[in-house]
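The structure under discussion appears below in the form of structure tokens.
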Amino acid sequence: MKHKRGFNPLECMAAHRKALHRNMVTSLFRYERIRTTKAKASAVRRTAERLITRAKNDTVFNRRFISARLFDEGIVNRLFVAIAPRMKERNGGYTRIIKLGKRYGDASEIVILELVDYVLKTEVKEKKDKKKDGGVKNVQSA
């Protein structure tokens, strides 16, 4: 039975689980969108949301607390400077999980874990290109 279990152990040792959380949260803050399994995304989401909540209050203690868990000073700085201010008005729910379907090999559920205010960059580029060209591509001959 699963009574009183506070987290998903993900069928791995504690050191491996901590490293997994650390790496996936770092990737989430770096790219703002990652593709993974549903079980890992649910576990990492919990860690990421706690770190974003800490980063909303920029103090020395919170910077040390987060840098002890991420090990990448560039990402820690990005979290405090870029990501946390965007989430200032939110009281929680900084991430979303989008289901993609089942993986071919083992039929595990694949999802996208992303920050709520994430915007795809390709959509913005296409709109700019259409405005610039007027919908017609220039062909140059050599």
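With springs only between Cα atoms under 10 Å, which of Arg86, Arg64, Arg46 fluctuates most in a Gaussian network model of the chain?
Most flexible of the set in this elastic network: Arg64.
Through the Karplus equation 6.51 cos²θ - 1.76 cosθ + 1.60, θ set to phi - 60°, convert the phi angles of segment 89-95 into ³J(HN,Hα) values in whole Hz; use x for Gly and Pro.
3J(HN,Hα) across segment 89-95, in whole Hz: 7, 7, 9, x, x, 7, 10.
Near Ile34, within a Cβ-to-Cβ distance under 10 Å, what is the net charge of the other residues, with Lys and Arg +1 and Asp and Glu -1? Before the final figure, lay out the partial values.
Details: positive: Arg30, Arg33, Arg35, Lys40; negative: Glu32, Glu114.
Here the charged neighbours net out to +2.
Viscosity 0.692 mPa s, temperature 37 °C: give me the Stokes-Einstein translational D for the chain in µm²/s, with Rh taken as the Kirkwood radius over C-alpha pairs. The partial results should precede the final answer.
On the way: Rh = 17.5 Å.
Roughly 188 µm²/s, to the nearest whole number.
To the nearest µm²/s, what D does Stokes-Einstein give for segment 1-84 at 37 °C and 0.692 mPa s, using the Kirkwood radius over alpha carbon pairs as Rh? Don't jump to the answer; show the numbers that get you there.
Numbers: Rh = 13.5 Å.
In µm²/s, the coefficient rounds to 243.
Scattering from the C-alpha atoms of segment 16-61 alone, worked out with Debye: what is log10 I(q)/I(0) at q = 0.22, 0.28 1/Å?
Scattering profile of segment 16-61, log10 relative to I(0): -0.77, -1.08.
Running a GNM on the chain with Cα contacts under 10 Å, which residue among Phe71, Phe80, Phe29 ends up with the highest mean-square fluctuation?
Evaluated over the chain, the most mobile residue of the options is Phe71.
Which far-off residues, 5 or more places away or on another chain, put their amide H under 5 Å from the one on Ser108, with H placed in the peptide plane?
Those qualifying (amide H under 5 Å, at least 5 residues apart or on another chain) are Arg103.
With charges set only on the Cβ (+1 for Lys and Arg, -1 for Asp and Glu), what does the dipole of the chain come to about its Cα centre, in debye to the nearest 20? The partial results should precede the final answer.
Values: 35 positive and 15 negative charges, 62 e Å.
Computed about the Cα centre, the dipole is about 300 debye.
Rule-based calculations on the coordinates, nothing more; no lab input. Every value quoted in this text rests on a predicted model; they were computed, and no experiment measured them. FYI the Cβ positions are ideal-geometry reconstructions off the backbone, even for glycines, and counts take in every protein chain you see.
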